[in-house]
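Down below is the structure, laid out as C-alpha cells.
The values are calculated or read from the model by the stated rules, or taken from the named source; none is laboratory data. Quantities reported herein were computed from a predicted structural model and do not represent experimental measurements. Glycine gets a Cβ as well: all are built from the backbone with ideal geometry, and neighbour counts include every protein chain shown. These area figures cover heavy atoms from the full protein model, side chains too; ligands, DNA and RNA do not enter into them. Shrake-Rupley method; radii C 1.70, N 1.55, O 1.52, S 1.80 Å.
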Amino acid sequence: MNRIRIFVSALVMLVVCSVRADEGMWLLQLMQEQHSIDMMKKQGLKLNATDLYNPNGVSLKDAVGIFGGGCTGEVISSEGLILTNHHCGYSFIQQHSSVEHDYLTDGFWAKTRVEELPTPRLKFTFIEQIEDITDLINQKIATNEITETEAFSTKYLNDLAQVLHAQSDLKDKKGISPQALPFYAGNKFYLIYRKIYSDVRMVAAPPSSVGKFGGETDNWMWPRHTGDFSMFRIYADANGEPAEYSPENIPLKTKKHLSISIKGLNEGDYAMIMGFPGSTSRYLTVSEVKERMEATNEPRIRIRTARLNVLREVMASSDKIRIQYANKYAGSSNYWKNSIGMNKAIIDNDVPGAKAAQEVAFNQFARTKNNQAYMSVIDQLNAVVARTQPLTYQRTSLTEVFMSAIEFFVTDKAFKEMRKALEESNTTKIDSLKNSFRQQYERIHNKDYDHEVDRKVAKALIPLYAEMIQPELRPAFYSTIEKDFKGDYNAYIDAIYDQSILSSQANLDAFLADPTIDALDKDMTLGYSNSIMSRFRQINNELKPLKDQLDILHKTYIRGLGEMKSPTPSYPDANFTIRLTYGNVKSYSPRDGVRYKYYTTAKGVLEKEDPNNREFNVPAKLKELILTGDFGRYALPNGEMPVCFLTNNDITGGNSGSPVLNENGELIGCAFDGNWESLSGDINFDNDKQRCINLDIRYVLFILDKLGGCGHLINEMTIVQ
C-alpha cells in the first residue's frame, strides 16, 4: 500500500474526540467502508446500507435535497411535494407577501394546484451521483501538474468538475451541475453531480404566529413550541426533467418519497437525520478557537446588536417596513444569537481545555512516531493564526457593516464607462449606459429596500465601525469625513443619501436628462463604495497566503490525527454535502437539578401565549382547536397534541428542514434547531448536552389539516399509523 493510501485509510478512521454513536456527520458513500452502518444497526436501524444510499439504484437519499441555497428539504409525496422549515421558506413567503396579501402574518394555503405560487429564484437540488476523485488529484500533485495549494482552489476544482462532467455519462442530462470538493482537509476529494430543479412553487405556510412562535426569544431554546414548517412543490417538464417555470410544467413524479409515521415516539427510539450540514470546525487548535471567539463572533455580535436595534424600532412603526425587513431581521438575528451562545458555550463547556488536551496527546504521539512534520505542525498553526486573527477581525467588521447591514452601495463600472463616453461625446454609448444606471437603481431600490431605514442603519454603524477599527485600517472615505465634514458622520451620510445620482428617482431622472462629468465627479457614493472594496481587497490579499499555509498545515494535522486515533471511524467537517447522523430520541439536563422531557405539547403553546408580545401570539382558531382538543388522529394516546421533540443527533446550520427518520426510514419529524447549551457544537461535540430540536410530523399534519384546511395535501402522502 503506497503512502497516500495509508493516509486515506487513516483518515477514514479519524476521530478527534472519543466518539459515541450519536456523534458524527457521516458520508453516505463511506458507510460500508467505515462500518457506520453496523453501528447504526446496533442502535436500532432496521434498514440496510443500500436502503439509505445506493449508487446503482433508488434509496432514501433520492427523497432528500437542498432547499434553496442553505437548507434541506424532503419529498413527501409522489407528486413532488416538499417539506422544509418555515424559516427556510421564510424569504420566499416574504417575497410573495405585501400589505394586501400578508402571508407572513396570515399564512398561505393553496387549496388547488392552480393556487400554488411560482417562486422565482427558488431551486431544489437532488444528489444524482458521487465519485471519489482522490487518486486523480493526488496523481496531479505527485506529477507536479498542480500544487497542494492549487488542489484547494475553488476555481481549480470547479474547472476540473466541468472537465470530468464533459467526459461522463451525465454530460447530456438536463439540470446537472458538477461540484468537486475537498474532504478531511484535502486528504480526500469527491465529485458530486447535482440535479437542479428551478420551477418550485409555494404550497403551504402557517402564519408566523405558528411557524415562528417564540421568535427571537425562543430561538436555540428548549422547551420549544414552534410549528417551523412550510411546503413547496417541484414542477418539471412533461418528461420529468428540470425546466424553467412554465404554465405547461407538471408536478414532478418523484422516484422516491418518504413515508410518514404517526405511530408515536418514545425515549430511546432510534432516530436518524439525512441532510446538508453547512459548516463545522471540529479540528481547530486552541488558538483557532480563540480566533473564532474574538475575531468573528465578538465583532458580529456588537455590529448586529446595533443594526437589530434600528430594525426592531422601524419595523414596529410600519406594516410595510415590517414585511420588507422581516427576512433580513430574521437572518441577522439568527446568527447574532448563535454567536452569543457559541462564545458562552465554548467557555461553559471548556472547549479550549478539550482542544489543549488533544494537542498534548497529539504532540506525544508525534514524538513517539518521531515524525518531524507532526511534531512542528501545531506550533506552525499557532504562528500563522497569530497573523490571521487581526486580519480576520478587520474583515468580519468590514463585511458585517458594509456588505451585510448597510445596503446603499454602488458599483463603478457604469460610472467609469459613462465618464469615458461623455469625454468622447459618444452619444450612442451615453444613451446605452443610461440603462445601466436604471438597472443599478432598481437593484438597490428593490421592493425590500427602504432608503430612510438604510440611512438610519448607516448612522448607527458607520460611527460604530470607527470605534472598532483604528484610523489607518479604515476605508479611505473616513478621511473624507474628517477633512470635509469635520468628523460629522451624520452630515456625511445625509450628503450621500440625499445627493447621490442613485439615491432617489428624482436624482436619477435629473442626471439621465442631462448627464455630465461634473455630476459624476460630485457623487460621493462612488468614492465611498470604492474605498470599501479597496479595503476589502487589501485584507483578502494579506489573508490569502496565510490561508494557503493553513490549508496545508490542517491537511498535515488531520492526517496525523487519523493515524493517532485509528482504528476508530470518523467523519470530515461539514461542507454542505449530504450526510447522515444517527442517535436516539432523548431528554436532557441543561444544568444540575433540571431535567427536560424529550417532547412538548400544545398545552405549552397556551402557557406561553402573550397577546402583548408578537412573538407569543396564538391564532384564535388554533387556540380553539387546542382548548377543545380537536386534534384528530394526530394526538397522543392521552389526548394531548405533540409539538416538538429532542434527539441527540449531530447537526448544524444547513440541516434546517432535514427529515428525522425512524428505524424503518419513515418520517417522524423535521429538524430545525440546536439547543443553547451546546452552541459550541460546531467546534466540539458535547456527548451529554448536544441536542437537536425537531418538529413532530404529527403537529405538521394537524396544522395542515385542522388550521389550514389542506386535507387534499395529506391525502397525497403515504401515512403509516
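Descriptive notes on the structure:
- Spherically averaged projected area of region 600-713 from its Cα convex hull (nm²): 9.0
- More than 16 Å apart - percent of Cα-Cα pairs taken over region 108-189: 63
- Rounded to two decimals, the Cα-based Rg/Rh of region 472-576, with Kirkwood Rh, is 1.32.
- The H on the amide N of ASP673, modeled in the peptide plane, is under 5 Å from the matching H of ILE693, each at least 5 residues off or on a different chain.
- Amide H to amide H, with H built 1.01 Å from N, THR254 comes under 5 Å of GLU79, GLY80, counting only residues 5 or more places away or on other chains.
- As a ratio to 2.2 N^0.38 Å, the alpha-carbon radius of gyration computed for region 203-328 takes the value 1.54.
- Anchor LYS320: aspartates and glutamates whose Cα lies under 19 Å away (excluding residues fewer than 8 positions away in-chain): GLU100, ASP102, ASP106, GLU407, GLU442, ASP448, ASP450, GLU452, ASP454, GLU615
- Ordering of 663-674, 27-38, 367-378 by packing [mean C-beta count within 10 Å, highest first]: 663-674, 27-38, 367-378
- Accessible area expressed per residue, region 88-243, with surrounding protein chains retained (probe 1.4 Å, Å²): 39
- Scattering profile of the chain at q = 0.11 Å⁻¹ [log10 I(q)/I(0), Debye over alpha-carbon scatterers]: -1.33
- Share of alpha-carbon pairs per 10 Å distance bin for region 26-109, given as whole %: 15, 32, 27, 15, 10, 1
- Solvent-accessible area, 1.4 Å probe, carbon plus sulfur percent, for the chain: 49
- Taken over the alpha carbons of region 153-198 as equal point scatterers, the Debye sum produces base-10 log I(q)/I(0) values at 0.14 Å⁻¹ of -0.34.
- Exposure of SER503 as accessible area (Å², to 10), given a probe of 1.4 Å and all protein chains: 10
- Just so you know, the averaged projected area of the alpha carbon convex hull for region 529-598 sits at 10.4 nm².
- Surface per residue (accessible, 1.4 Å probe) for region 530-589, Å²: 34
- From largest to smallest, the equivalent ellipsoid semi-axes obtained for region 574-652 from the alpha-carbon gyration tensor read 29, 17, 16 Å.
- Taking all protein chains into account, the per residue accessible area for region 625-721 stands at 25 Å² (1.4 Å probe).
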